[in-house]
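A short write-up of the structure that comes next.
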Amino acid sequence: MAMSLPMSSEATPGHFRFIGLRRLAKLLFGTPLNAALTLLFGALLVVTVPPMLRWLVIDAVLFDPDPNACRAATGACWSFIYAKSGQLLFGIYPFDERWRPAIVCLLILALLGWSVRPASWTSRLLALWVAAFALIFWLMGGGFGLAEVPTSSWGGLPVTLILTVVAIGIAFPVGILLALARRSTLPAVRVGAVVLIESVRGLPLLSILFVASIMMPLFLPEALLPDKFVRALVALTIFAAAYLAEVIRGGLQAIPNGQYEAAAALGLPFWHTQRLVILPQAIRVVIPALANTIIVMIKNTSLVLVIGLFDLISSGKAALADPEWPSPAAETFLFIGAIFFALSFSFARFADFLERRGPAAH
Amino acid sequence: MLTSVSAIRHVPSLPMTNDPTAVEMVGVNKWYGTFHVLKNIDLTIQRGEKLVICGPSGSGKSTMIRCINRLEEHQQGRIVVDGIELTGDLKKINEIRRDVGMVFQHFNLFPHLTVLENLTLAPIWVRKMRRKEAEQVAMHYLDRVKIPDQAHKCPGQLSGGQQQRVAIARSLCMSPKIMLFDEPTSALDPEMVKEVLDTMVSLAEEGMTMLCVSHEMGFARQVADRVVFMDQGEIVEINTPAEFFSSPHHERSKLFLAQILH
Amino acid sequence: MLSDAKTRSIIIQGMLVTAVIAFAALLVSTTFANLKARGIPIGFDFLTMPSRIIISEAILTYKSRDPYFWAIVVGLANTVFISALVIFFSSVLGLVVGITRLSSNPLAAGTCRVWVEIARNSPPIVLLIFLYSLWWKVLPPVGEALNPLPGVYASMRGFVVPAISIDIGMTGALIILFALTLAALGYGLARSGRLPPLVVPAILAAGVVGLWLADIRFAVDFPVFTGSNFRGGSELTPELSTILVGLTIYTTGFVAEIVRGGVLSVGRGQWDAGHSLGLSRGKILRLVVIPQMLRVIVPPLNSQYINVVKNSTLAIAVGYPDFLAVMNTIISKSSHSIEGVFIILGAYLALNLTLSSAANWYNRRIAIVER
């Protein structure tokens, strides 16, 4: 197997400009191993791709609003997705008010796109997000001239996006504090941080969500009990904070002692040293790892359906329950999967970009 | 250039009290675990005095000057800096650190900040200076260490000698009363040693109180009032530079000089 | 006074401990108050009572008359079973996919890249639900079951695979235990070098004889297709099959990336150095490259395996009763939520610790091999 390794170095980007049929043939059939691989994977693709294409596109019903067209067709029923897109994306949010979650989604995505540019990482960005979230919660929840919509009616993509962004947003400073606590010289602080971080990381997120949804009513006095949305948010935040703490701790460990000494020699107190000298460097070191953790969190928000929150999957399931349509489950979940894929794939490419740029930034 | 420097000539902060002593160490002892790093150190440094501390590696000379601004904690004895005794009191420690500048072997500049930001960080956040004022002060000292044109670069883009001069300027921005130098030239390429030493000499000529851990004999001869020789955690000999280099009193001093001069 | 380092450290820690205790006290007291108000007793004695919950499928035998503790064990066994199979299959597949991604063949490398990207960028729960919805769409009815490998059938009703049964008597088991102990002892002594070399083969031989005496009947029962049904073999339900396939697809993507990173981490210089010493390709691979690669991939692989255990909780999405699902049912049925939460926490921490310590042990072994 290792025979193929040294050859992979030939495929440098510069070579592709001169790639010709002959070269392609050589890559595909140049060695016995490559020929065998080509035959094997060629056969695999020939068996799987045409039927997939037939189902996905050729035999599929695209926009026909008549449910019976889907019953007659052998391919995918995309017209269902098209007809139900509002319900899929926004769940049980009141029909007439759907423009509100739509604006919220666009706002969050636009802000995310804006925020990933390293040029916009200033303290102003934080203010922008805080302002945006005031606007978002007003748009979603209503009041001040808008019809009120309780969180139990929130659903679909905005729930997924809000949960992701808020959980990470709160978890990030908490994670920093936990990471600092884990490196503290005070034993009680250190032990507390270790116990919290390691027990959260040792548990499946689902079990934490269960604890949050089943146990909180028992743990807390009734007056303090938050609604389901906030409970899920608390669980996701604790989970994210523990993982982010470990990532940030990795960055802190990469900072040489001389930086602490130089800051101390200048008379900078502890928190100033951390905020102005240590953390900016530590976080820069772990940006790729942070991006990965954020991708994990984007994917993890899909679990809130299990505790009965109305995210994308639940709204998909609700849409499928319509007896008029032939319940095209595979198409619906493919659509939902594609939304998650688009979110996390684009974030992953951004992480790659940062990783490649990383060494030059110093 | 010279005129611009003398126009806003730096006046080292004058002693606030009449006490002529800058640093006083009495019976200082320190251990790393069971290893005795500093043994009964007694040392008094007058204001305006220049001290060069030398000795073989592991002799405790760095540890000693790092005790002066409490980068290392001593376990026994008394250290009084500028009239303030060093104890566990964090407030007093920060007070002392504000008035004691330190230059490190590996510069320890903040790589994520520009040169100018490196210089203004402490004046703004510790001295509560306004940004504009801090930048003026910073440019003044960058001028003095002769690299005002590098102000907006990152430390990584400068040569070692330039970085060390930035580090000196960074300390000077806090208008320190005492400057500690921990082997400031030993991480530098040979051709850059002179530019850093020149900066230190001019600083000495202005009357700064200086403690330098250094093996640069030329520098010691030129500026030092006294040379302190340390070995195995003890102060073995304190002498004038002329006498120390020509006829050291102690056997261990002789052995050490023989080693570094050949 | 407050600025003294020691005083301050005591005050901070004291405040933290007090806060934690106060918080815990608040939780405990409100919990007890809430439980009392609802008339729910506390204690683990419910574990021995008949559970009367339904577990739709299990690796171990289970009847609803069995006590709660047995239901818990059955759920745990399901989780361990899923995790073990997924870890095994995704390790094998991940090795193949990871190395194929490095191939110069664009068709092979590209296909594997698509796999990896899909796995890494989809939420596993969506993957599982999607696969589950595909099950009846793609697979034929039992009558036309697919037969991709000898002895393996796939149809709407799930997978049918050969059943492996190992039949040993009680005395046999004891003899095996004895022989294994002897063998392990012999191995350990041989490593520390305190025994003359001949003793070790003798002990090993004794072990082999013991195994033979133990009279193990090892049987593989291949399923036979009868036209409308299967005879023999083990049937895996669509739910179990979906979880196994889905989590394996998902985990394989991550294992492949770890393997690829491991191979790339061993630089070409190592191959050159090996060649310049006159080592053959196989020897370089075995003596130089693989040991270094293992050192790089074992820690991330271990955390991936722990993730498999955690992801097995997603079984709930397709209705397979894994440990968490069983515990969830038990909690809602028995109302012993506090006890249930402690059992959940304890079980997952124990599983993960077991995996971690196995990985650590293995890591130490490679580290020794390296020197």
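Values quoted throughout were computed directly from the atomic coordinates according to the rules given, and no laboratory measurement underlies them. Please read these numbers as outputs of a predicted model, since none were measured by experiment. Note that each Cβ is placed from the backbone with ideal geometry, even for glycine, and that neighbours are counted across all protein chains shown.
Taking Cβ atoms as reference points and 15 Å as the exclusive limit, the residues near A:Ala282 contribute a net charge of +4, counting Lys and Arg as +1 and Asp and Glu as -1.
Where does each of B:Ser62, A:Ser327 land when they are ranked from fewest to most other beta-carbon atoms within 10 angstrom?
Details: B:Ser62 22, A:Ser327 16.
Neighbour counts put them in this order, fewest first: A:Ser327, B:Ser62.
Considering only A:Ala193, A:Ala254, A:Ala319, the Gaussian network model of chain A with Cα springs below 10 Å gives its largest mean-square fluctuation to A:Ala254.
Sort A:Cys70, B:Cys173, B:Cys154 so the one with the fewest other Cβ atoms within 10 Å of its own Cβ comes first. All intermediate terms of the calculation are to be shown ahead of the outcome.
Details: A:Cys70 22, B:Cys173 25, B:Cys154 18.
Listed from fewest to most nearby Cβ atoms, that is B:Cys154, A:Cys70, B:Cys173.
The C-alpha atoms of the protein assembly as shown occupy a region whose extents along the principal axes are 109, 91, 75 Å, arranged from largest to smallest. With K and R counted +1 and D and E -1, the other residues having a Cβ less than 9 Å from that of B:Arg226 yield a net charge of -1.
Which of C:Asn121, C:Ile11, B:Thr34 sits farthest toward the positive end of the charge dipole of the protein assembly as shown, with +1 on the Cβ of Lys and Arg and -1 on the Cβ of Asp and Glu? In the protein assembly as shown, that residue is C:Asn121. Highest mean first, the peptides A:211-224, A:158-171 sorted by other C-beta atoms within 10 Å per residue fall in the order A:158-171, A:211-224. Over chain A, the pair-distance histogram of Cα-Cα distances with 10 Å bins from zero comes to 5, 17, 24, 23, 19, 10, 3, 0 percent, rounded to whole numbers. Averaged over residues, the count of other Cβ atoms within 10 Å places the peptides B:216-222, B:72-78 in the sequence B:216-222, B:72-78, highest first.
Give me a single rounded figure for A:211-217: the average over its residues of other chain Cβ atoms within 10 Å of their Cβ.
On the way: counts 5, 0, 0, 6, 7, 0, 3.
Average per residue, whole number: 3.
Once C-alpha pairs closer than 8 Å and six or more residues apart are averaged by separation and normalised to the residue number of the range A:31-84, the relative contact order reads 29 percent.
Normalising by residue count, the range A:137-184 has a Cα convex hull of 87 Å³ per residue.
Residue separation of B:Lys132 and B:Lys194 scaled by 0.36 nm, minus their Cα-Cα distance, works out to 19.1 nm of gained length.
FRET efficiency for C:Thr61 and C:Lys333, Cβ-Cβ distance as r, R0 = 22 Å, nearest 0.05?
Working: r = 20 Å, r/R0 = 0.92.
After rounding to 0.05, the efficiency reads 0.60.
The label-point distance for C:Ser29 and C:Ser357, in a model that sets each label 7 Å from Cα toward Cβ, rounds to 3.9 nm.
Taken over chain B, the alpha-carbon convex hull comes to 138 cubic angstrom per residue. For chain A, averaging the sequence separation of C-alpha pairs within contact (under 8 Å, six or more residues apart) and dividing by the residue count gives a relative contact order of 19 percent.
Can you tell me the relative contact order of chain B? Whole percent, Cα pairs under 8 Å, sequence separation 6 or more. Before the final figure, lay out each step's value.
Values: 455 pairs, mean separation 67.5, N = 262.
Normalised by residue count, the contact order of chain B is 26 percent.
Counting only other chain Cβ atoms within 10 Å of each residue's Cβ, the peptide B:105-111 averages 5.
Give the Kirkwood hydrodynamic radius (Å, one decimal) of the range C:255-371, defined as one over the mean of 1/r across all pairs of different Cα atoms. Averaging 1/r across every pair of different Cα atoms and inverting gives 17.3 Å.
C:Leu279 to C:Ala19: FRET efficiency via 1/(1 + (r/R0)^6), r the Cβ-Cβ distance, R0 51 Å, to the nearest 0.05? Between C:Leu279 and C:Ala19 the formula returns 0.25. Whole-percent P(r), the range A:31-84, all Cα pairs, 5 Å bins from 0: 5, 20, 18, 14, 9, 9, 8, 7, 5, 3, 1. Within 13 Å, Cβ to Cβ, of B:Lys146, how many net charges do the neighbouring residues add up to if Lys/Arg are +1 and Asp/Glu are -1? Around B:Lys146, the surrounding residues sum to -1.
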